[in-house]
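This report refers to the structure that appears directly beneath it.
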Amino acid sequence: MIFDVNFFRSQFPILSEKIYGKQLVYLDNGATTQKPHSVLEKIMDVYERYNSNVHRGVHHLSNITTDLHENARKRVAEHINAISDREVVFTRGTTESINLMAYSFGETYCHEGDEIIVSAMEHHANLVPWQLLCERKKMKLRIAPIDANGCLILPELYKLFNERTKLLSITHVSNVTGIVNPIEEIVNEAHAHHVPVLIDAAQSMPHMIVDVQAIDCDFMAFSGHKMYGPNGIGVLYGRRRFLDEMVPYQSGGAMIDKVTLEKTTFLPAPLRFEAGTPDYVGAIGLAAAIDYIDNIGKESIRDHEKHLTEYALEGLRSIDGVRIIGESENRSSVVSFLVGDAHPYDTGMILDKMGIAVRTGHHCAQPLMTHFGITGTVRASFAIYNTTSDVDALIDGVKRVKTMLCK
Ligand code: PMP
């Protein structure tokens, strides 16, 4: 497909919205992406023509939604190159996927004195559930350190593996700095110590080819809403030999094999982790989003976003007093920065008045902020529909912030 950014823009209705009478410049894609017509139409289509609860009915509509839902699972499996669609558990998003892991993996495999490793750059979603597990089970949470640029110090990470390590749970891409971790190498080293690995792919899945077999990870979590899909749907990928052993997370309907008043047996994975009515409309919408992405091609998406990121970094660096937070050769389409001594909220508010949506604050990564000795950053993050004009607007906005707020 020819890469025509204006054509892509025309597929996202929200991008024609005006903010304070100005054209919306949406640079908050790391928080959530906008949705193309094809995804919105698919959601409408399900509600208008097929809506019916899945897995339970024998009637026509229920069979259609069940097929669409299970085909969506197949579509996800294909997209991440899972061996089987039975390795794909639908969840509400990355946060729920990691909570599921902290409960089900924790209850199945972890005991007092065991250890879990995370890194100092994690989103709270990949930190707090592990803290709670460690408290509950009297285990130890080990933290892989990062350097002054925000990059993992690999030899220090590798020193943390020992015979008590039960899992390494680590992000693929930092949501604050955009730094891409060398995930294949890390998984390789973990496996050499017989430690399984969970990858938080919330910030990588929308932007790069993520192949679970090539990475050789044991688990992976990501969210639909960050990859042009609906809110409230996400995925936990897991190897079957783990998923089929792990105790259920939530319980109730749809995940049982046989129930008596005394005892219940459960279905195999993935259904044993999907208690209650699943968000089948979300799953079908996610499959439409994956179709959308694959139709463009992740290489093209990555090239386009790389160009925008480099352009933004160059523009921001040319402004005296602007500090980029986190430096690495290998980065995704996220740029965090500070403008002189201006508070990130003030910067964000002024940019907002210009119609520019950026994220400000600690980005759910307070330990990383502490590491950098700051309370927050301004974060611009790019998607398929962003243009160099969007970046120009950001750079002009930052110059204005500087004149208004900095001495
Ligand atoms: N991990 C990372 C790296 C993230 O960027 C996010 C979202 N900002 C999450 C986890 C949590 O994702 P969600 O809110 O969709 O569950």
* **Qualifying position, being under 22 Å from Pro367 (Cα atoms), under 21 Å from the mean Cα position of the chain (by Cα), among the polar types (S, T, N, Q) and assigned to a helix (DSSP H, G or I), among Gln131, Gln203** => Gln131
* Options Ala125, Ala72, Ala102; residue that is surrounded by 21 or more Cβ atoms within 10 Å (Cβ to Cβ), under 25 Å from Val39 (Cβ atoms) and either under 17 Å from the mean Cα position of the chain (by Cα) or within 16 Å of the ligand (Cβ to nearest atom) (or both) -> Ala125
* Regarding Leu154, is this residue away from the ligand (no atom under 16 Å from the Cβ) and touching a helix residue (DSSP H, G or I) at 6+ places or on another chain (Cβ under 7 Å)? -> no
* **Residue check for Val54: surrounded by 14 or more Cβ atoms within 10 Å (Cβ to Cβ), among the β-branched types (Val, Ile, Thr), under 22 Å from Ala275 (Cβ atoms) and more than 18 Å from the chain's Cα centre (by Cα)** => yes
* For Thr360, are the conditions met, namely being part of a strand (DSSP E or B) and among the polar types (S, T, N, Q)? -> yes
* Determine if the stretch 23-35 includes at least one residue that is surrounded by 15 or more Cβ atoms within 10 Å (Cβ to Cβ), free of Cβ contacts under 8 Å to residues at least 40 places away in the same chain and either under 23 Å from the mean Cα position of the chain (by Cα) or within 16 Å of the ligand (Cβ to nearest atom) (or both). => no
* Selection count where residues are part of a helix (DSSP H, G or I) and among the basic types (Lys, Arg), scope the stretch 241-260 -> 1
* Output yes when any residue across the stretch 207-226 is assigned to a strand (DSSP E or B), in contact (Cβ under 8 Å) with a residue 24 or more places away in the chain and away from the ligand (no atom under 15 Å from the Cβ), and no when none is. => no
* **Close pairs from the stretch 341-360: first touching a residue at least 24 places away in the same chain (Cβ under 8 Å) and hydroxyl-bearing (Ser, Thr, Tyr), partner assigned to a helix (DSSP H, G or I) and surrounded by 22 or more Cβ atoms within 10 Å (Cβ to Cβ), Cβ under 7 Å, at least 6 apart** => Thr347/Val401
* Mind listing whichever residues of the stretch 372-407 are in contact with a Leu (Cβ under 8 Å, 6 or more places away or on another chain), of a type outside the set (A, V, I, L, M) and not in a loop (DSSP other than H, G, I, E, B)? => Thr377, Ser381, Thr388, Asp390, Gly397
* Set Glu96, Glu107: member being out of contact with any Pro (no Cβ under 7 Å at 6 or more places or on another chain), more than 17 Å from Val281 (Cα to Cα) and surrounded by fewer than 16 Cβ atoms within 10 Å (Cβ to Cβ) -> Glu107
* Asked: Do the conditions hold for Thr171, that is, is it away from the ligand (no atom under 16 Å from the Cβ) and among the hydroxyl-bearing types (Ser, Thr, Tyr)?
  -> no
* Asked: So how many residues does the stretch 330-345 have that are over 15 Å from Leu394 (Cα atoms) and not hydroxyl-bearing (Ser, Thr, Tyr)?
  -> 6
* Structure fact -> Within the stretch 178-200, the residues that are touching a helix residue (DSSP H, G or I) at 6+ places or on another chain (Cβ under 8 Å) and either of a type in the set (Val, Ile, Thr) or not in a loop (DSSP other than H, G, I, E, B) (or both) are Ile183, Glu184, Glu185, Ile186, Val187, Glu189, Val197, Leu198, Ile199, Asp200
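A short reminder: the numbers here are calculations on the coordinates, not readings from a lab. This structure is a prediction, so every number in the text was calculated from the model and none was measured. Virtual Cβ from ideal backbone geometry, glycine too; neighbours counted across all protein chains shown.
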